[in-house]
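Where a number appears in this text, it was derived from the coordinates with a stated rule and is not lab data. Given the structure is predicted, the values throughout are model-derived calculations rather than measurements. As a convention, Cβ positions derive from the backbone with ideal geometry for all residues, glycine included, and neighbour counts pool all protein chains shown.
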Amino acid sequence: MTAPLLEVRGLAKRFGGFVALEGIDLDVTPGERLGLIGPNGSGKSTLVNCVCGTLHNETGTVRFAGEVLDGLPAHRRTHMGLARSFQLPRPFTSLTVADNLRVPLLYTVRRRSLLISSPAELDERCLDLLRQVGLDGKARRRPSDLTQVEMRKLELARAMAAEPKLLIADEAMAGLSHSEIEDIIALLMRLNAQGITIIMIEHIMRAVMRFSQRLAVLVSGRKVADGRPEDVVNNPDVVRAYLGQ
């Protein structure tokens, strides 16, 4: 049996007297496409922040590629191959699109390997990433010149610049049109086909159902379902959470 790439065991997080997460167990296997869903306030972002190191869990353990992450800062986790994109892209507005990728390349990939050892190799890697997301023609433009879907692609490219083993895509399709959503799904599928494990956090259910091999559902800080998408969406606890029955 394949060992999990990400293991979460008994994870709990409180903010004062408010229990944001309680006893979360979650495994993600290498190469998997996992959809993480739940109503607003269910704890999805808190879970991701605990996994990525932005927040620290009170109890429980997070392991990545067999190593315990508890207590490690976010940048150390990124160096290990754990990356995320954010729902609200915040690129360096004073830099070009290409330079927005040079920053993570310089501070993650170049620091942990000798794969990029010259300015020419750095430039080529930037252009390769931009080609993957269809932004190579705008390498010298500023982020303010990009459309909304192009900003989402730049955000994904910035996460990919860290050469992650696991990518967490946090609502990468919010506010996009039908065709733009299809474009982002196709991009994530291509990245997954390259061997990158992906967790998709999304409220657009048709996108989640198309992309995910497995769904995990959080409700009020607890995991209430985990399994095949077609089974999970018919789970009574999931139906009640979304419809308020």
*Near residue 223, which aspartates and glutamates are there with a Cα under 17 Å away, not counting those fewer than 8 places off in the same chain?*
7, 22, 25, 27, 202, 231, 237
*Could you state the principal axis extents of the C-alpha atoms in segment 91-245, from the largest down, to the nearest angstrom?*
57, 33, 26
_segment 155-172 - phi-based ³J(HN,Hα) in whole Hz, Karplus 6.51/-1.76/1.60, Gly and Pro as x_ = 4, 5, 5, 4, 5, 5, 4, 7, 6, x, 7, 10, 10, 9, 9, 9, 6, 6
*asked:* What is the sum of charges, Lys and Arg at +1 and Asp and Glu at -1, for the other residues whose Cβ falls under 11 Å from the Cβ of residue 149?
replied: -3
*Can you give the helix-only mean residue ellipticity at 222 nm for the chain, where every DSSP H stretch with n ≥ 4 adds -39500 (n - 2.57) and the sum goes over all residues, rounded to the nearest 500 deg cm²/dmol?*
-10500 deg cm²/dmol
*Taking N as the number of residues in segment 36-156, what is its Cα Rg relative to 2.2 N^0.38 Å?*
1.21
*Could you pull out every one of the lysines with an alpha carbon less than 22 Å from that of residue 138, ignoring same-chain neighbours closer than 8 positions?*
153
*Amide proton proximity set for residue 14, modelled H, under 5 Å, gap of 5+*: 20, 58
*asked:* Let me make sure I get this right: for segment 7-82, a, b and c are the square roots of the gyration tensor eigenvalues over alpha carbons, sorted descending. Under 1.5 in a/c it's rounded, otherwise prolate if a/b > b/c, else oblate. Which is it?
replied: oblate
*asked:* Given a Förster distance of 25 Å, report the FRET efficiency between residue 74 and residue 231 from their Cβ-Cβ distance, rounded to the nearest 0.05.
replied: 0.15
*Potential extension, residue 174-residue 194 segment - 0.36 nm per residue separation minus Cα distance*: 4.8 nm
*Percent of beta bridges antiparallel (DSSP, the chain, rounded to nearest 5)*: 55
*asked:* I'd like the Karplus ³J(HN,Hα) series for segment 57-66: coefficients 6.51, -1.76, 1.60, θ = phi - 60°, whole numbers in Hz, and an x wherever there's a Gly or Pro.
replied: 6, 6, 9, x, 9, 10, 10, 10, 6, x
